[in-house]
Each structure stands twice: as structure tokens, then as C-alpha cells.
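Asks: Let me give you the structure first, and then I'll get to my questions.
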Amino acid sequence: MTIAVTSASGKLGSSIIDKLRTHIGADHIIGLARTPEKAKYLGIEIRKGDYNNPEDLKESLKGIDVVMLLSGMDEPQKRIQQHRNVIEAAKANGVKKIVYTSIIGDEEHNAFSPIVQSNRQTELDVKSAGLDWVIGRNGIYIEPDLEYIDTYVKDGEIKNCAADGLCTYTSRDELATAYAHMLLEDKHNGQTYNLVGDPITQSQLAQYINDVYNTNLAYHSVSVDAYLEERKEELGDFLGTVIAGIYEGIRNGANDVPSDFEKAAGRPHQSTLEIIRAFQ
């Protein structure tokens, strides 16, 4: 079996490649990257893989049995066609199976919803391609919060608009573990999995960080409108709106979903506290 992983130079793509290497060895993994030179460090064959270039994709997916399709990072409507380019290239080359990284979230009621909608469309496109398929709906990564700790400490708080909403945090390493199994094991074919951990509040997150990092953070909840303006001012309109939409979704319960992680990975998801300890 030869598996191609798109967006190979990204954090999740490279983590999946590392997990696959332990199962099938580097010779059976092909990395696709928009800029191949940025992925050479992975120690596997790297091919050109620009989602906007169908001809490159058709060439790069030759001889591939399974494609790991990671969601693109462009605006929602652009991503739908970009993902279709990968799916069509897979079909043209006789690929047997596609595994797709979708996402948890509300499809209608916040500023993050257009991204969720675009992922749902790609889910439908994958299912209708005539190939074997597995879909993972990723929870929110914990790593950005942990990488932001210095700012939290400077401010003395975690501040967002999630209020008492529950968030089922995961990590890229946990997701990579699940995706390796989903790629390699046929028993997952035809399944859609929520790849999430245990639900916690932002106050619990602050306490876990305090326990591990010996900090003294508190959680400060603000209104959705106030948080949106703050994020847009710091991150720009597009990214700021997306981030505010994510936390609004948490506030409204969109991320409190049952976990299928153990079905996908063959073991329970690590607790949020365990993940934070491992990251330190």
C-alpha cells in the first residue's frame, strides 16, 4: 500500500506522516506539498501538490492507493473546488480510498459556520466519488492555547466569548494517531468519526494550565460582539472573524459532541490534562 498525504509540510500532515512511518515505513508514504522544498525534511518522497493545480495533482497521485486529504486553508468557497481537484485526481489515477479531515462545528449560527459548511460539502464530494472513504471531524486543537501561554500570563487571564460552553479539545498528535488507523484499516471505511476528547470549560482549561505550568490564570468571559471586535483588530477581519466564530460556537454548544476517537484509534483519547503535561 502506498499512501499520499497532502499538505505534508503542515503540522498535522507531518504528524500523520510520522505515525504512518512507524506502521508501514517511509518507502510507502508520499508527501504532497505546494512547495516541495519545505517538506524535504520529512525524509520521504515529496511531490508537487498544489490544490489549485489539477494537472500537478493528477501527476503526483500516480501509483497511489490511499489519499489523506487535509482541509485547505483558503477561504471557504475556494476550498471546495481545491478539494474537488484532489478528489478528481484521485479518481483519475485509480486511488482506492480517501480519508478526509473535516471539522466539528455549527453549520449555520456563527461566523465560523461558512468554513464548517465548506467542509460538509467536501464530505459529500468524498462520499459521492465512488471510492472507499473515511471522514474525521476534528475537534479544536489545544496547541494554540498552549503556545499562547506567555500572553495569557502577561494578561493574567484567558479571555474569550465561550462563557460556560464545553469544548472537546484534541491535539495534532492524537489526531495523527487516529488518522493512521483510519488510513490503514478497512474496518473504518464508510464511517464518519468525531475525533475529540473530553468536554471541558474555559475555566477548567485555565485551571489545568495553572496546575501544569504553575501559573495563576483566571478565565474572563466577554460578549461575542466585544470579542469579535478585539480579534478583528489584532488578527484582521477574516481570521479575527473565524476565531471569534469558533468561540461563539463553543458558547452555544456546537463543540460538545460525543467522541468516536476510541473507535478510530483503538484506544481512549488522552485527557486534556495529559495532553497539556505532554506538551510542556
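Asks: Restricting to the range 206-236, and then to whatever is touching a strand residue (DSSP E or B) at 6+ places or on another chain (Cβ under 7 Å) and surrounded by 17 or more Cβ atoms within 10 Å (Cβ to Cβ), can you tell me which residue is farthest from Asp155 (Cα to Cα)?
Replies: Per the criteria, the residue is Tyr227.
Asks: Let me ask another. Just one of Glu123, Glu55 is within 21 Å of Lys263 (Cβ to Cβ), at pLDDT 95 or above and assigned to a helix (DSSP H, G or I); which is it?
Replies: Being within 21 Å of Lys263 (Cβ to Cβ), at pLDDT 95 or above and assigned to a helix (DSSP H, G or I) holds for just one of Glu123, Glu55, which is Glu123.
Asks: Within the bounds of the range 47-63, is there any residue that is open to solvent by less than 10 Å² (accessible area, probe 1.4 Å), touching a His at 6+ places or on another chain (Cβ under 7 Å) and under 26 Å from Ile115 (Cα atoms)?
Replies: The answer is no, given that none of the residues of the range 47-63 is open to solvent by less than 10 Å² (accessible area, probe 1.4 Å), touching a His at 6+ places or on another chain (Cβ under 7 Å) and under 26 Å from Ile115 (Cα atoms).
Asks: What residue, of Ile115, Ile149, Ile135, is open to solvent by less than 10 Å² (accessible area, probe 1.4 Å) and either over 30 Å from Lys187 (Cβ atoms) or of a type in the set (A, V, I, L, M) (or both)? I'd like the intermediate steps shown before the answer.
Replies: Numbers: Ile115 fails: open to solvent by less than 10 Å² (accessible area, probe 1.4 Å); Ile149 fails: open to solvent by less than 10 Å² (accessible area, probe 1.4 Å).
The unique qualifying residue is Ile135.
Yes/no per residue for (1) outside any strand (DSSP E or B); (2) touching a His at 6+ places or on another chain (Cβ under 9 Å); (3) farther than 30 Å from Lys97 by Cβ; (4) in contact (Cβ under 8 Å) with a residue 60 or more places away in the chain:
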site: Ala180; (1), (2), (3), (4): yes, yes, no, yes
site: Ala206; (1), (2), (3), (4): yes, no, yes, no
site: Ala226; (1), (2), (3), (4): yes, no, yes, yes
site: Glu233; (1), (2), (3), (4): yes, no, yes, no
site: Thr241; (1), (2), (3), (4): yes, no, yes, yes
site: Ala264; (1), (2), (3), (4): yes, yes, no, yes
site: Glu274; (1), (2), (3), (4): yes, no, yes, no
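Asks: Only one of Asn85, Asn110 is in a helix (DSSP H, G or I) and open to solvent by 10 Å² or more (accessible area, probe 1.4 Å); which?
Replies: Asn85
Asks: Further question: Take the range 8-52 and flag every residue that is among the β-branched types (Val, Ile, Thr) and either touching a helix residue (DSSP H, G or I) at 6+ places or on another chain (Cβ under 8 Å) or assigned to a helix (DSSP H, G or I) (or both).
Replies: Kept after step one, since they are among the β-branched types (Val, Ile, Thr), are these residues of the range 8-52: 16-17, 22, 24, 29-30, 35, 44, 46.
Correct list: Ile16, Ile17, Thr22, Ile24, Ile29, Ile30, Ile44, Ile46.
Asks: Could you please tell me which pairs satisfy a Cβ distance under 6 Å, a separation of 6+ or placement on different chains, a first residue in the range 6-25 that is modelled with pLDDT of 95 or more, and a second residue that is aromatic (Phe, Trp, Tyr) and in a helix (DSSP H, G or I)?
Replies: Ile16/Tyr179
Asks: Shifting gears a bit: Taking Asn255, is it open to solvent by less than 20 Å² (accessible area, probe 1.4 Å), among the polar types (S, T, N, Q) and either touching a strand residue (DSSP E or B) at 6+ places or on another chain (Cβ under 8 Å) or not in a helix (DSSP H, G or I) (or both)?
Replies: yes
Asks: For the range 191-202, which positions are outside any strand (DSSP E or B) and touching a strand residue (DSSP E or B) at 6+ places or on another chain (Cβ under 7 Å)?
Replies: Val196, Gly197, Asp198, Gln202
Asks: Identify, from the list Gly72, Gly105, Gly63, the residue that is part of a loop (DSSP other than H, G, I, E, B), out of contact with any helix residue (DSSP H, G or I) (no Cβ under 6 Å at 6 or more places or on another chain) and of a type outside the set (Phe, Trp, Tyr).
Replies: Gly63
The values are calculated or read from the model by the stated rules, or taken from the named source; none is laboratory data. Quick caveat: nothing in here was measured; it's all calculated off a predicted structure. For neighbour counting, all protein chains shown are included, and Cβ atoms are generated from backbone atoms with ideal geometry for every residue, glycine included. For the accessible areas, the whole protein counts, side chains as well, though only heavy atoms, and no ligand, DNA or RNA atoms are used. Shrake-Rupley method; radii C 1.70, N 1.55, O 1.52, S 1.80 Å.
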